[in-house]
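Everything below concerns the one structure shown next.
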Amino acid sequence: MSAPASPTIAVVGAGGLGGPLVWALTAAGARVVVCDPDVVELSNLQRQVQFATADVGRAKAAALADEAARRGVADRVRAIAARFDATTADAIAGAADVVVDGSDSPATKLLVGDWAIARGRRHVVAGVLRWGGTVFSGAPGAACFRCLFEDEPDDAPSCADAGVVGAACAVIGGLAARAALALARGDAGDAGSILVVEDLRRPWAPRRARFGRRSGCRTCFPQVATDAHPS
Ligand SMILES: [Zn+2]
C-alpha cells in the first residue's frame, strides 16, 4: 500500500486523548478531522490540557482547532461539533486514510471499529481509565475491536465516575498517535493487536496482545452471524 505524503486522519473525540492525538498528528504533518459533540467543562481541565479556563463552555472540537491555529497548523485541522454515529460517520471520516477513536464512550468505540471494517479503513481505538489504558490497531482482514469486545459492558465505569489521570491521557494519546501514523504509512504489522498500559504508578512497559478473528464476530462475519441468529 502506498502511503499518502500527508495523510488525513479522523480523530473521534477532542478530549483527554483527542488533545495529545491532534498535537502529535499535526506535528507529524498529518491533516486531522476532529469531531466532538461536547463543550469544555471546568472539571475537564485537569486532564484535557489543550484547553484553558477561557475555553469553558465552548465546543471542544472548535476550541482544539483554535489551539492548533495558535501553533501555526490551522490549515491541518478541521473541527466538527458532532458525535460520531451511524448518521455522521461518513461525513466525518469518509475522506480519512485512518480513523482513530479517542472518545470516552464504549458504544462509540465499537461503532468506530464496525464502521472502519465496513468501509475498509485502517483504524485505532484508544481508551484510558484511571492510571492506564489501551490502544487497539485494526485493518481490513485482521481481527477487529468487536472480536475482542463483543458488546459494550453493562457495568463499564465511565471516565467521569472512575477518574482519569492526566499523565495517562498523554501516554495513551501519544501511543495512539504513533499507531495511527504507522497505519497511515501503510505499516499494518500491528493490526489485530492491542497495546496495554496497566498502571503508570508501577514499573511498566506497554504489553502487546495479538489475537485472531473470532468466528462468531458479527462485524468480521456478518453473514454467518445473521444466519446463526435469524431475527
Ligand atoms: Zn471481528
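The values are calculated or read from the model by the stated rules, or taken from the named source; none is laboratory data. Bear in mind the structure is a predicted one, so any value in this text is a computation, not a measurement. As a convention, Cβ positions derive from the backbone with ideal geometry for all residues, glycine included, and neighbour counts pool all protein chains shown. Please note that ligands, DNA and RNA were not included when accessible areas were found on the heavy atoms of the full protein model with its side chains. Shrake-Rupley method; radii C 1.70, N 1.55, O 1.52, S 1.80 Å.
How much length, in nm to one decimal, is gained on full extension between A118 and D151, taken as 0.36 nm per residue of separation minus their Cα-Cα distance?
Numbers: separation 33, 0.36 × 33 = 11.88 nm, distance 1.71 nm.
Fully extending the segment from A118 to D151 adds 10.2 nm.
For the chain, take the convex hull of the Cα atoms, compute a quarter of its surface area, and give me that in nm², please. Intermediate results must be reported in sequence, preceding the final value.
Numbers: hull surface 51.1 nm².
Averaged projected area of the chain's Cα convex hull equals 12.8 nm².
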The stretch 78-212 - share of DSSP beta bridges that are antiparallel (%, nearest 5): 75 percent
Cα→Cβ-extended label distance, 7 Å offset, between A95 and V39, nm: 2.9 nm
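What order, most packed first, do the peptides 101-108, 150-157, 162-169 have when packing is the mean number of other Cβ atoms within 10 Å of each residue? Intermediate values should be presented prior to the final figure.
Working: 101-108: 22.1, 150-157: 10.0, 162-169: 18.0.
In descending order of packing, they fall as 101-108, 162-169, 150-157.
How high is the relative contact order of the stretch 1-69? Use alpha-carbon pairs under 8 Å, at least six apart in sequence, and give a whole percent.
Numbers: 93 pairs, mean separation 21.9, N = 69.
The normalised contact order for the stretch 1-69 reaches 32 percent.
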Percentage relative contact order, the chain, counting C-alpha pairs under 8 Å, at least six apart: 21 percent
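Convex hull over the alpha-carbon atoms of the stretch 10-56: what's its volume per residue in Å³?
On the way: hull volume 3.2 nm³, N = 47.
Once divided by residue count, the hull of the stretch 10-56 is 68 Å³.
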11 Å beta-carbon shell around G132, net charge (K/R +1, D/E -1): +2
Over the stretch 55-105 - Rg/Rh using Cα atoms and the Kirkwood inverse-distance radius: 0.98
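Quote the FRET efficiency, to the nearest 0.05, computed for D161 versus T87 with a Förster distance R0 of 35 Å and r equal to the Cβ-Cβ distance. Present the calculation step by step, with values, prior to reporting the outcome.
Working: r = 28 Å, r/R0 = 0.79.
Step by step, r from the Cβ atoms, then E = 0.80.
Rg(Cα) of the stretch 79-175 divided by 2.2 N^0.38 Å? Provide the component values of the computation, followed by the final result.
Working: Rg = 13.3 Å, N = 97, 2.2 N^0.38 = 12.5 Å.
Rg over 2.2 N^0.38 Å, computed on Cα atoms: 1.07.
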Acute angle (nearest 10 degrees) that the helix 166-184 long axis makes with the longest principal axis of the chain, alpha-carbon atoms: 60 degrees
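Out of all DSSP beta bridges with both ends in the chain, state the antiparallel percent to the nearest 5.
Values: 17 of 35 bridges.
Here the share of antiparallel DSSP bridges comes out near 50 percent.
Contact order normalised by length for the stretch 140-222, with contacts defined as Cα pairs under 8 Å and 6 or more residues apart; what percent is it?
Values: 57 pairs, mean separation 38.1, N = 83.
Relative contact order, the stretch 140-222: 46 percent.
If you roll a 1.4 Å probe over the chain with all protein chains in place, what percent of the accessible area is carbon or sulfur? Walk me through the numbers before you get to the answer.
Values: 5630 of 10580 Å².
Carbon and sulfur together cover 53 percent of it.
What accessible area per residue, rounded to a whole number of Å², is obtained for the chain using a probe radius of 1.4 Å?
Details: 10580 Å² over 231 residues.
Per-residue accessible area for the chain comes out at 46 Å².
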Estimated distance in nm for a label pair at A107 and R202, the labels positioned 7 Å out from Cα along Cα-to-Cβ: 3.4 nm
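Using only helices, what value at 222 nm comes out for the chain when you add -39,500 (n - 2.57) per DSSP H run of length 4 or more and divide by the total residues, to the nearest 500 deg cm²/dmol? Intermediate results must be reported in sequence, preceding the final value.
Numbers: 8 runs with 74 residues, N = 231.
One gets -9000 deg cm²/dmol as the mean residue ellipticity at 222 nm.
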